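Only one structure is covered here, and it is reproduced in the block below.
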Amino acid sequence: MRSFTGAHFFIAEVLYSVDIYRIAFIGHREIYGQYRLENKIENIIREKLHSKEYVELYVGRNGDFDISVASATKRAQEALGHHNSSLVLLQPYPMKDDPYYEKFYDEIWYPVDSKTHPKAAITKRNQWMIDNADLLVAYVELDRKGGAMTTLKYAEKKGVEIINLAIEEE
């Protein structure tokens, strides 16, 4: 487990000659029909694993969409290998289940300053994801409010490429 407060990471130092493509994933805590989304998510991940030298996949653990992303990523890694990707669980702060998660995720990072109030930590973590992403894959219904919508708007403001799977379904 690593704690980061800046944009310089050990992984980047080790792989300094590798072009790292970063994908952030955000979505609603509750989604219906999440399993139908997993194939779409897995196809996006497979395409990036084929076309990019190295891919970091940033995901939280805050609901249905995050669990679907983790499952789809693991299937893609099993099919294509782990040599050019890392499934990174981004936690807003250390949690009691982190030792369990270490067995499933390739890495666990804490990108939020430990002095951040817990109520603000998820928002700060989501902003960090966007600030460090080349692509945002989202499942955000445009008529719903909440953290996922706030993060989507932040990504739009930052000019990050966005694939919103909720819009593609309409």
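The values are calculated or read from the model by the stated rules, or taken from the named source; none is laboratory data. As the structure is a prediction and not an experimental result, all values here were calculated from the model. Cβ atoms come from the backbone with ideal geometry, glycine included; neighbour counts cover every protein chain shown. We work out accessible area using only protein heavy atoms, side chains counted, and drop any ligands, DNA or RNA first. Shrake-Rupley method; radii C 1.70, N 1.55, O 1.52, S 1.80 Å.
Scanning the chain for DSSP H helices at least 18 Å long along the axis (C-alpha atoms) with a Kyte-Doolittle mean no lower than -0.5 picks out 64-80.
Per residue, the accessible area of the chain comes to 53 Å², computed with a 1.4 Å probe over protein heavy atoms only. Full extension of the chain segment joining LYS158 with TYR32 gains 42.5 nm, where the gain is 0.36 nm per residue of separation less the Cα-Cα distance. Exceedance of the 32 Å cut-off in Cα-Cα distance is limited, within the set LYS52/LYS115; LYS52/LYS119; LYS52/LYS124, to LYS52/LYS115; LYS52/LYS119.
Find the eigenvalues of the gyration tensor of the Cα atoms of the chain, then list the square roots of 5 times those eigenvalues as equivalent ellipsoid semi-axes, largest first, in whole angstrom.
Details: eigenvalues 92, 83, 50 Å².
Working through the eigenvalues yields semi-axes of 21, 20, 16 Å.
Estimated from helices alone, the mean residue ellipticity of the chain at 222 nm is -13000 deg cm²/dmol (sum of -39500 (n - 2.57) over DSSP H runs with n ≥ 4, per residue).
Ranked by the mean number of other Cβ atoms within 10 Å per residue, highest first, peptides 60-71, 134-145, 154-165, 92-103 order as 60-71, 134-145, 154-165, 92-103.
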